[in-house]
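The next block holds one structure in the form of structure tokens; read it before the comments.
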Amino acid sequence: MCLVEMEGGDINYDDSMGDTPLAWAAWNGHEAVVKLLLGRDDIDPDKPGEESQTPLLLAACKGHEGVLKMLLERDDVNPNHSDRRGRTPLWEAAHRGYEGIAKVLLGRGDINPDQPDKYGATPLCRAAFNRHEGVVKMLLERHDVNPNNTHGGGQTPLFWAAYYGDEGMVKILLGRDDINPDKPDSRGQTPLSLAAEHGHEGVVRILLRRGDVIPDKPDKYGQTALSCAAGNGHARVIALLQPPESAARDTA
């Protein structure tokens, strides 16, 4: 405490890693120290480090909700600041499944809930990829979140839910009126063909109930959901995907 209150010292001095005392306190969740540092008139609460990570971003990475709230009380802290990889505090909360922190950040009027990283992955994409259902629900409640955004190889949040066979997540995503349930990735593979390839019968059933899903839509290599299921020996999925006339012949 004496060191913090000393005059003449640079409270915003950064070390060889580019981090300030406030950054270290935020990273380690030391709320009392953060409060003390923020009490200084000469503190820069939003100073980025070598990787362009601010104290707020570091607190979000580590799940320190109390520190995050203290920093967000400041008008000179940008909740949308991103690091060199384009990751924001909300992106990190979604990626790691920190529901409390996501809720606090989404309560801000100036938050951008759909800000992607440098690879195009939005908070929703990361939450779906890591199967954080609670965060996915929160993000989908926002009208300024696009459920069809893609990243990497063109995969949507629904694509990942289908890949994992996560029926609950699939239903949540399909609850959005503006969802595209048949959007292909860069290889032309749809959520249906992906679910069929991995034998996720429940997800296949859910997607087939949609009138906007084309069951025999081929990918860039000419493979359909049926051929994907057949290639991997998923008999129950094959039965679901067979045209009605073929199924009738098989049972005759």
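From the backbone phi of the stretch 213-229, what are the Karplus-calculated ³J(HN,Hα) couplings (6.51 cos²θ - 1.76 cosθ + 1.60, θ = phi - 60°) in whole Hz, Gly and Pro given as x?
Each residue of the stretch 213-229 in turn: 10, 8, x, 9, 6, x, 8, 5, 9, x, 8, 9, 4, 5, 5, 5, 5 Hz.
Identify which of the listed values of semi-axes √(5λ) of the Cα gyration tensor in Å was calculated from the structure shown: (i) 34, 20, 17; (ii) 48, 15, 13; (iii) 38, 22, 16.
Read-out from the structure maps to (ii).
For n ≥ 4 DSSP H runs only, could you compute -39500 (n - 2.57) per run for the chain, divide by its residues and tell me the 222 nm figure to the nearest 500?
Taking each H run of at least 4 residues, the total per residue is -12500 deg cm²/dmol.
Among S186, S193, which comes first, second and so on when ranked by fewest other beta-carbon atoms within 10 Å? Walk me through the numbers on the way to the answer.
Values: S186 11, S193 30.
Least crowded to most crowded, the residues run S186, S193.
On a 29 Å Cα-Cα criterion, which of the cross-link pairs K69/K171; K171/K217; K103/K217; K47/K137; K137/K183 come out too long?
K69/K171; K103/K217; K47/K137
In whole Hz and in residue order, list the ³J(HN,Hα) couplings for the stretch 23-34 that follow from phi through the Karplus curve 6.51 cos²θ - 1.76 cosθ + 1.60, θ = phi - 60°; x for Gly and Pro.
Along the stretch 23-34, the couplings run 4, 5, 5, 5, 4, 8, x, 7, 4, 4, 5, 4 Hz.
Values in this text are rule-based calculations from the coordinates and carry no lab data. Here the structure is a predicted model, which is why all the values come from computation and not from measurement. Ideal geometry is used to build each Cβ from the backbone, glycine not excepted, and the neighbour counts take in all protein chains shown.
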